[in-house]
Amino acid sequence: MATQVFDWIRHHANRAPDTTALADIRSDRNWSYSELNHRIDQLTASLQQSLGIERGDRIGVLAENSSDIFEIQFACARLGAVFLPLNWRLTVPELEFIVNDASPKLLFYSRQFEANATAIKNLCGIQELLLLDNGVADSPYENTLAQAPTSYTEATLNQDDLYAILYTSGTTGLPKGAMITHGMVFYNAVNIGGPALITPESKHLSVLPLFHIAGLNIFSNPVFHAGGTVVVTQTFDPAESLSLLSDPAHAFTHFFGVPANYLFISQQSAFSDADLSHLKVCGVGGAPCALSILEAFSPKGVDVQQGYGMTEASPVTHLSSMDPSKARSGSIGKVIPATEVRLIDPESGRDVAQGEDGELWIRGPQIMRGYLKQPEATAQCIDAEGWYHSGDIGYVDDDGFFFIVDRVGELIKYKALQVSPAELEAVLVTHPGVADAAVIPIPDEEAGEIPKGVVVLKDPEATSDEMAESIMAFVADRVAPHKRVRSLDFIDQVPKSASGKILRRVLVDQERGGSG
């Protein structure tokens with residue numbers, strides 16, 4: 001089995017050349033491992049010989065999901081260039097900050113983002129733009145491959161060389177570029193591929209954005225490592241995803257999503273009759289997932305298992321067993337091999353006792369090298385002994401199963417009692433009229449802080465004081481008195497990061513500004 005990222009596709013092109021490696025729903029194209037390997041060779045040669053890309057250069061991508069992005073990733077790896085996927089949802093000023101920070105030499109972009117790509121080229125001095133026009137035969141990208149030189153010089157790399165810079169969502173301050181190495185990507189592929197049973201027969205539907213670590217490294221890159229098939233959609237659409245997952249012609253075996261993906265799929269009218277029996281491995285992560293969402297898939301024989309990780313861990317640190325008898329409801333699973341975890345009291349800095357809440361500190365070969373150009377920010381989250389301070393609060397039970405409670409600083413202090421927003425959000429989404437929900441603290445003279453619910457209704461016309469009271473009463477019947485939601489607003493959409501994390505800070509800022 002190939003250990004280097006740049007050699008995965010070549011290895012399977014020699015082992016099973018005719019196996020479908022990659023398919024693209026939008027363009028209705030598919031490539032065997034032999035064909036994909038040839039295209040990556042063409043792109044690598046063009047980047048080096050025609051466009052002057054050298055080892056260590058950064059190559060940006062501003063595009064919705066397509067098969068081309070995977071080709072660019074592997075071509076970067078063969079050259080020793082650094083892959084820089086950019087969040088296409090960002091504004092020009094937000095992109096300008098990241099591009100100035102990372103300094104890519106070349107930017108690939110898709111047509112719908114041409115204005116933004118041109119703007120940041122002019123603002124940031126990018127040397128070259130190259131249009132990706134997915135599926136168009138005479139597009140600049142396809143012409144680049146067709147006119148490629150016949151050879152290139154492959155870089156000599158080791159596991160410590162930089163593979164990618166992936167920017168965090170900036171939920172606490174400005175975005176920071178997590179530096180991810182080739183070894184970290186390989187480590188995740190091996191450890192996801194083992195417990196999650198990824199084989200050459202695996203077929204994964206990729207719906208998460210490829211500018212995010214989860215879109216790349218769960219399960220897409222592990223499937224490539226194993227020699228299976230990755231099918232990519234342009235963007236997540238719940239109706240399309242359900243149709244694809246239930247189509248026997250595709251017979252997908254693997255799917256990974258954030259909680260919102262599963263929630264919106266389960267809310268489709270066709271869900272009740274959908275046949276998902278061929279799905280063998282379904283994972284959820286990025287944010288705590290309500291038990292009610294997971295249970296919606298159980299009658300279909302689909303056991304959705306939670307995992308845990310973050311961009312800074314490239315991304316996985318915990319996995320649940322795919323065997324339901326060896327999993328634990330609500331748990332993120334157990335620590336993956338070669339990884340250490342401590343639970344620390346944020347106030348005293350001491351290890352907590354088993355079963356008590358503490359901040360997860362993590363140390364292992366998957367932890368990022370650090371944040372690009374930010375030694376102080378790196379030192380704040382990775383201490384001198386190599387422990388990454390996650391900022392997540394959780395506990396571990398007697399059998400080694402970990403549970404996430406909430407984020408440091410986001411627990412609501414109601415009369416000195418801690419209230420978890422995530423726990424209340426999990427209750428709120430079980431209300432029959434609620435499509436999505438968030439919980440934030442608001443000041444209270446008597447209690448200090450009280451929980452406020454912010455919900456999206458399935459029927460937007462149902463907003464009323466009576467509905468708000470009904471929802472709050474629903475929660476009150478299911479939680480301890482100090483955890484009750486004591487105020488409630490209706491909104492059109494809960495703000496979330498690309499990984500599905502609720503951006504409570506945005507809601508808190510709106511509340512303070514009087515717009516909540």
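The values are calculated or read from the model by the stated rules, or taken from the named source; none is laboratory data. In this text the structure is predicted, and so the values were computed from the model without any measurement. Ideal geometry is used to build each Cβ from the backbone, glycine not excepted, and the neighbour counts take in all protein chains shown. Just the protein is used for accessible areas: all its heavy atoms, side chains included, with ligands, DNA and RNA removed. Shrake-Rupley method; radii C 1.70, N 1.55, O 1.52, S 1.80 Å.
Of the strands (runs of 3 or more DSSP E) entirely within region 369-457, those holding at least 3 residues that are at pLDDT 90 or above occupy 388-396, 434-444, 448-457. Among the conditions (1) buried (at least 24 other Cβ atoms within 10 Å of the Cβ); (2) under 21 Å from the mean Cα position of the chain (by Cα), the only one that residue 44 does not satisfy is (2).
Looking at 26, 15, 39, which is the one that is surrounded by fewer than 24 Cβ atoms within 10 Å (Cβ to Cβ) and under 25 Å from the mean Cα position of the chain (by Cα)?
On the way: 15 fails: under 25 Å from the mean Cα position of the chain (by Cα); 39 fails: under 25 Å from the mean Cα position of the chain (by Cα).
Being surrounded by fewer than 24 Cβ atoms within 10 Å (Cβ to Cβ) and under 25 Å from the mean Cα position of the chain (by Cα) holds for just one of 26, 15, 39, which is 26.
Scanning region 89-107 for residues that are farther than 21 Å from residue 179 by Cβ and either of a type in the set (Val, Ile, Thr) or surrounded by 15 or more Cβ atoms within 10 Å (Cβ to Cβ) (or both) yields 91, 92.
Take the conditions (1) crowded, with 22+ Cβ neighbours inside 10 Å; (2) more than 24 Å from residue 25 (Cα to Cα); residue 74 misses just one of them, which is (2). In the condition set (1) over 24 Å from residue 22 (Cβ atoms); (2) hydrophobic (A, V, I, L, M, F, W, C); (3) modelled with pLDDT of 95 or more, residue 174 is compliant with all but (3). Residue pairs whose Cβ atoms lie under 9 Å apart, separated by 6 or more positions or on different chains, with the first residue in region 455-473 and in contact (Cβ under 8 Å) with a residue 24 or more places away in the chain and the second of a type in the set (D, E, K, R) and open to solvent by 90 Å² or more (accessible area, probe 1.4 Å), are 456/492; 460/492. Taking residues in region 260-277 that are more than 24 Å from residue 209 (Cα to Cα), and partners anywhere that are at pLDDT below 95 and surrounded by fewer than 15 Cβ atoms within 10 Å (Cβ to Cβ), the pairs with Cβ atoms closer than 7 Å and at least 6 places apart or on different chains are 277/301. Candidates in region 297-310 are the residues that are open to solvent by 20 Å² or more (accessible area, probe 1.4 Å) and touching a Phe, Trp or Tyr at 6+ places or on another chain (Cβ under 8 Å); of these, the one that is nearest to residue 222 (Cα to Cα) is 308.
Within region 469-482, is even one residue modelled with pLDDT under 90 and either under 16 Å from residue 435 (Cβ atoms) or of a type in the set (Val, Ile, Thr) (or both)? Give the derivation first.
Here is the first cut: in region 469-482, the ones modelled with pLDDT under 90 are 479-482.
From the residues that got through so far, the ones that are either under 16 Å from residue 435 (Cβ atoms) or of a type in the set (Val, Ile, Thr) (or both) too are 479.
Checked against the condition, which is being modelled with pLDDT under 90 and either under 16 Å from residue 435 (Cβ atoms) or of a type in the set (Val, Ile, Thr) (or both), region 469-482 yields at least one hit.
Among 443, 451, which is over 26 Å from residue 269 (Cα atoms), free of Cβ contacts under 8 Å to residues at least 60 places away in the same chain and open to solvent by 60 Å² or more (accessible area, probe 1.4 Å)? Show your work before the answer.
Details: 451 fails: open to solvent by 60 Å² or more (accessible area, probe 1.4 Å).
Criteria check complete, one pass: 443.
I'd like to check something: does region 461-474 contain any residue that is of a type outside the set (A, V, I, L, M), assigned to a strand (DSSP E or B) and touching a strand residue (DSSP E or B) at 6+ places or on another chain (Cβ under 6 Å)?
Just the residues of region 461-474 that are of a type outside the set (A, V, I, L, M), to begin with: 461, 463-466, 469-470, 474.
Among the residues that remain, those that are also assigned to a strand (DSSP E or B) are: none.
Scanning region 461-474 turns up no residue that is of a type outside the set (A, V, I, L, M), assigned to a strand (DSSP E or B) and touching a strand residue (DSSP E or B) at 6+ places or on another chain (Cβ under 6 Å).
Among all residues of region 289-310, there is at least one that is closer than 30 Å to residue 369 by Cα, among the aliphatic types (A, V, I, L, M) and part of a loop (DSSP other than H, G, I, E, B).
Take the residues of region 201-214 that are outside any loop (DSSP other than H, G, I, E, B) and modelled with pLDDT of 95 or more: which is farthest from residue 110 (Cα to Cα)? Don't jump to the end; show me each part of the working.
Let us first name the residues in region 201-214 that are outside any loop (DSSP other than H, G, I, E, B), namely 203-206, 213-214.
Going one step further and asking which of them are modelled with pLDDT of 95 or more, we end up with 203-206.
Details: 203: 26, 204: 24, 205: 21, 206: 18 Å.
The residue in question is 203.
Selection of first residues in region 145-159 that are under 20 Å from residue 8 (Cβ atoms) and of second residues that are of a type in the set (Lys, Arg), restricted to Cβ pairs under 8 Å at least 6 apart or on distinct chains, gives the following pairs, ordered by first then second residue: 145/39; 152/78; 154/78; 155/55; 155/78. Kindly indicate whether residue 436 is of a type in the set (D, E, K, R) and surrounded by 21 or more Cβ atoms within 10 Å (Cβ to Cβ). Taking the combined requirement at face value, the residue satisfies it. So which residues in region 311-329 are touching a Lys or Arg at 6+ places or on another chain (Cβ under 8 Å) and either in a strand (DSSP E or B) or open to solvent by less than 20 Å² (accessible area, probe 1.4 Å) (or both)? Matches in region 311-329: 318, 319, 320.
Yes or no: region 55-70 includes at least one residue that is modelled with pLDDT of 95 or more, more than 21 Å from the chain's Cα centre (by Cα) and surrounded by 18 or more Cβ atoms within 10 Å (Cβ to Cβ). Checked region 55-70: at least one residue is modelled with pLDDT of 95 or more, more than 21 Å from the chain's Cα centre (by Cα) and surrounded by 18 or more Cβ atoms within 10 Å (Cβ to Cβ).
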